[in-house]
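Scroll down for the structure; my scribbles are underneath it.
Just so you know, all these numbers are worked out from the coordinates, no wet-lab data involved. As the structure is a prediction and not an experimental result, all values here were calculated from the model. Here the Cβ is made from the backbone with ideal geometry for all residues, glycine too, and neighbour counts use every protein chain on show.
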Amino acid sequence: MNGTSHSGAATRIAMISAIASAALAIAYAVGQILEWTGALGSAGGPNSSSTPLGLALLLTPSLLLGSAFLILTAALHELAPPGRRVWSRIALAFATVYATLISLVYFVQLTWVAPRIAAGDLAGMEPFLFVPYRSFLFAVDLLGYSMMSLATLFGAFALPGGRANGPARSAMIANGLLVPALALQMFWPWLIWVGALWGFTFPAAMILIACLLRRPSPS
């Protein structure tokens, strides 16, 4: 990132976590497409509950993404110019909330709920099922991704000015502007089709950040 004081460790960590975040987001997006087409055993479409296979393929990369994105945000805070660190600190705060919320949801689903579904033992599990638009944990998930989008929105302003940083900043802002489409889906489920743009804006932002970090720091 032009204009930053590069720390070797912070730069390497940021680059690796940006690449990991992009790869995990793409893996999730591919799994979501398969889920919506019914290829993973569900009824298909965005309103259907997932099978144990669907939960595993969708939520495993999502769980790992929480940590990867949090690490990236922490590293970018270290690389941010002093005058812009208020923005990176706000981004880090939102990323922390995001990672906490979604890690709780996905760990519970993968280690407790999915095995019970696979065993056909659903007695007393109703409050913990991950049912789109009809469950507590789905609402928590939407809140988590709203926090992620806010993290990218504020993080965009932590990037130094300059033409080289423009594409990454624009992608981060575009991802941030998806907040209403994520936060309000419980009221208007059709917003999923707007929120689905996350599958393009977020990986693009991560790839562009990784490309910035590969550039040598100006002397």
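Before anything else, pin down the relative contact order of region 1-150: Cα pairs under 8 Å, at least 6 apart, normalised by residue count, whole percent. Present the calculation step by step, with values, prior to reporting the outcome.
Values: 184 pairs, mean separation 38.2, N = 150.
So the answer I get is 25 percent.
Let's see if you can work this out: charge +1 on each Lys and Arg Cβ, -1 on each Asp and Glu Cβ, no other charges. What is the dipole magnitude of the chain about its Cα centre, in debye to the nearest 20?
On the way: 10 positive and 5 negative charges, 168 e Å.
So the magnitude is around 800 debye.
Could I have the simple spin-label model distance between residue 126 and residue 112, label points 7 Å from Cα toward Cβ, reported in nm to one decimal?
1.8
In 5 Å bins starting at zero, report the fraction of Cα pairs in region 1-120 per bin as a rounded %.
2, 12, 17, 18, 16, 11, 9, 7, 5, 3, 1, 0
Run the quick spin-label model on residue 211 and residue 196: label points 7 Å from Cα toward the beta carbon, then report their separation in nm to one decimal.
In this crude label model, residue 211 to residue 196 measures out at 2.6 nm.
Please report the spacing between the Cα centers of region 84-116 and region 158-219 in Å, no decimals.
18
Using 0.36 nm times the number of residues separating residue 186 and residue 104, minus their current alpha carbon distance, what extension gain do you get?
Numbers: separation 82, 0.36 × 82 = 29.52 nm, distance 1.95 nm.
Length gained, residue 186 through residue 104: 27.6 nm.
What percent does the relative contact order of region 136-219 come to when contacts are Cα pairs within less than 8 Å and at least six residues apart?
Relative contact order for region 136-219 comes out at 31 percent.
Distance in nm between label sites at residue 89 and residue 139, each 7 Å beyond Cα in the beta-carbon direction?
3.3
Going through the DSSP H helices of the chain, which span 20 Å or more along their own axis at the Cα atoms while scoring at least -0.5 as a mean Kyte-Doolittle hydropathy?
8-36, 52-79, 85-108, 136-156, 198-214
Among 159, 136, 109, whose Cα lies farthest out toward the positive end of the dipole of region 108-219, if unit charges sit on the beta carbon of Lys, Arg (+1) and Asp, Glu (-1)?
159
Which order do 133, 98, 145 fall in if you start with the one that has the fewest other Cβ atoms within 10 Å? Present the calculation step by step, with values, prior to reporting the outcome.
On the way: 133 15, 98 25, 145 22.
Listed from fewest to most nearby Cβ atoms, that is 133, 145, 98.
What FRET efficiency, computed as 1/(1 + (r/R0)^6) with R0 = 22 Å and r the Cβ-Cβ distance, is obtained for residue 119 and residue 56, rounded to the nearest 0.05? The partial results should precede the final answer.
Numbers: r = 14 Å, r/R0 = 0.66.
Efficiency at R0 = 22 Å is approximately 0.95.
Using only the alpha-carbon atoms, what does region 145-219 span along each of its principal axes? Please give whole angstrom values in decreasing order.
52, 18, 16
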